[in-house]
Structures are given as C-alpha cells and as structure tokens.
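Let me begin by presenting the structure, written as structure tokens, before commenting on it.
Read the figures in this text as sums done on the coordinates, not as results from a lab. A quick note: this is a predicted structure, and the numbers were derived from the prediction, not measured. With ideal geometry, Cβ positions are generated from the backbone for all residues, glycine too; neighbour counts draw on all protein chains shown.
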Amino acid sequence: MRHFKSVQFPTSGSHAQSSFVLNLFPIDVVLAILEHCSPFDLVELRRTSRLFRAIIASHQQLWVSSQRNLAIGTSLKVPSLPAIEASGNFSQWAYASWLFGGGPCTSCSKWTDRLPCNFVLRFRACSPSCQSILMFEPVLYVDRTRKHDNFSWGNWLPRIGRELSNGDTIHIYSSRAIKTAELERQQAIRIDRGTPPDDSMPFPCRTGVQLDEEYNRRARSRPELIKNAEALKDWQKLYMQQHDLVSQSNSEFLKLRSVEENRKFQGVMRCPTVSRLFFAFNRDLVTITHTSQGSLGRYTCALIIISLSLGPKPDARARRAQVPATRRLSRRDDPAAQRQSALPDLLAARQSRRPRRTQLG
Ligand SMILES: [Zn+2]
C-alpha cells in the first residue's frame, strides 16, 4: 500500500500536524476520494492547505478525472486545457477557476457565479440584460476595414470573424482588449526610452524586443485557444441543459424536505449556507437524494443546517402557548422543570462546600 512519499509535507506550522495524520493514511484511499471530485472541488481543496496543494500538484491526472466527472446525463466531459505556449496563468486550477469559479461581469463589474458567456473574448455576464449589452458596441469593436490586422497585435488579439453578404469578412474585438494591447505597446516603448514603467498596469514590464517575442508566442497559441473556445461553447449548451434539470430536481427535493420539517421553502433557501450547498450541487450536476453517492457529506450538512440553523420551530412555540395550563406537565412530571427547581439547591450545596476565607490580622 502506497503512502505519501512523493509529496513534500510541511514540517512546521499549523499544517504539520494534519500532514502527520494524512501521512499515516494510504494515499490510494485519498486519491480514490479525490478522483470523485469536480474541477471546482479540487480548486477549493487546493486553497485549503499547502498539503492538498502538494497532493493535487503531484497528481495531475486528478484534473482529468474531475473533468470526466461532469459527463452526466446530457452533459459531456469538460474540454481539456489547451497546450498554450504564451506566458500567463494557463494552469489546470486557473482553467477550472475561470470556468466554474465566477468573476466580475464584463458589463457592470458585479461579481457573478455564472460561467463565461463568450469564451473567445472571455466575457462574463451577471444577467441576461448585461449579456445583451455585451453583444453590441461600445463593448465590442467592429473592425469593418480590418485596420487592426496591420497593427502589431493584429496577429494574436482574440477576435470573432463574421462573413458579410458580399463575401467580405469583418473582425469583432473586445474594445477593452484593444485598449490593453495599446497600453502594453506604449509601456514597451517607454521602457525602451528609459522611462520608468507604470507598475499599476495589468501586464509584466517588457522591452519592445521581449514584447515582440511574446506576441509571436501568443500568435502560435491562438489556434489552440480558438479551438478550445469552440469546444467550450458546444460543451456549455449540453452542460446547461443538464444543470437546469438537476437544479429543478434539487429544488423539488428541498421543497419536500422543507414541508416535512415544517419550514418555508423561501426561508430555507435564504439561509446562506443552504443556498451555497444548493449552488454547489447544481454546479457539479449532482442530484440531492437520501443516498447521494459522493455527496452524502454535503447532503448531511444540508439537512443539519435546515434542521438546526433556523432555531426552534416558531409553530411549536405557538402550539405550546395555546396548550391549557391544566394539560401542561406538572413540575413533578416535567424533567426540565425539575432541573430548574433543583438548581438553587445545588448552588447552595456547592457554596457550602467552598472553603471559607480566613481573615488575617
Ligand atoms: Zn452585469
């Protein structure tokens, strides 16, 4: 049985004790559990500790199995991470975070948990109204004369091609991406002239030669990115079909449980933890059932939260208040009342056992 020999564990700090416990645990068992995770489960586990980061980093096949785990119902496996030559964060966890971890809306900058809505231009919309804004100018720049083809960034900047009725093709860019490309080029010119670079810019400082080399790498990576964006667009349609089915099923399940627990469904769903659990189950295309495999822990948490987090039932308190005094338990029959009545006697007895202070002097 294999143990964590290939993983570098922390030897000090708060993670040392947990690494010691996990070191006694067979890695085969841990990996078998991790193989059932979704891509975003791995992202979140990776954030919890250096230990999990080390385990996941040394077993990259976990990302492949997590992408396969979303092939449920009509949904297919998540398209693989493209092999990108250009610099930037194109790691597996960054890819999973970008897809499932949410981000700011491209239109209004509000945070949204939705998937990106345009994988070529990397747009994300928080609502249908914002999504409609992202389909027109000024968010988009329609290059009818294709002047950007002649600029230095024209060979790599992401674009959507549209064929016109006369047979010509126009290119549609993200206006923000054009602005960033212009700033990046201006920064390289400043550095070549010896002017101090602006550190607030969202890209590394490069000279003109370095930027040209990076442009070439981006141009070589562009076909792979376009291919991946098209695969993601096709995958998203089927994923969202299954997502809607699972979401409806989970909603009905929680409604039934709410009725059984004598809770209002809207009140249950307003509980932040329940809504997060509901979102996570839907995101991972897992239906909540009494015996959900791989999600038993989440389901148990959901039930505990539904049962306990909202406190005592208000209806039970109301019913108790309506019970006639003659039908209530007498103090002799009610254990809680007996404990309450016995409390002063116990305190008095404990007080009497305390040693009395002797006053000196
Ligand atoms: Zn928005």
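Points worth noting:
- Extension reserve of the His290-Asn155 stretch, reckoned as 0.36 nm per residue once the Cα distance is removed: 43.2 nm
- Residue order, fewest to most surrounding Cβ atoms within 10 angstrom, among Ile189, Ile226: Ile189, Ile226
- Sparsely packed loop sites in segment 118-218 (the chymotrypsin sites (Phe, Trp or Tyr not before Pro) outside DSSP H, G, I, E and B with at most 10 other Cβ atoms within 10 Å) comprise Phe136.
- Sorted by Cβ density within 10 Å, fewest first, the residues Glu230, Glu184: Glu230, Glu184
- Of the trypsin sites (Lys or Arg not before Pro) found in segment 35-114, the ones in coil according to DSSP and having at most 11 other Cβ atoms within 10 Å of their Cβ are Lys110.
- Using distinct alpha-carbon pairs, which all enter the 1/r mean, Kirkwood radius of segment 181-261 in Å: 17.2
- Globularity index of segment 149-205, i.e. its alpha-carbon radius of gyration over 2.2 N^0.38 Å: 1.47
- Segment 124-227, Cα convex hull volume normalised per residue, Å³: 136
- Ala71/Thr48 FRET efficiency (R0 30 Å; Cβ-Cβ; nearest 0.05): 0.70
- Estimated from the Cβ-Cβ distance and a Förster radius of 51 angstrom, the FRET efficiency linking Arg190 and Asp28 is about 0.40.
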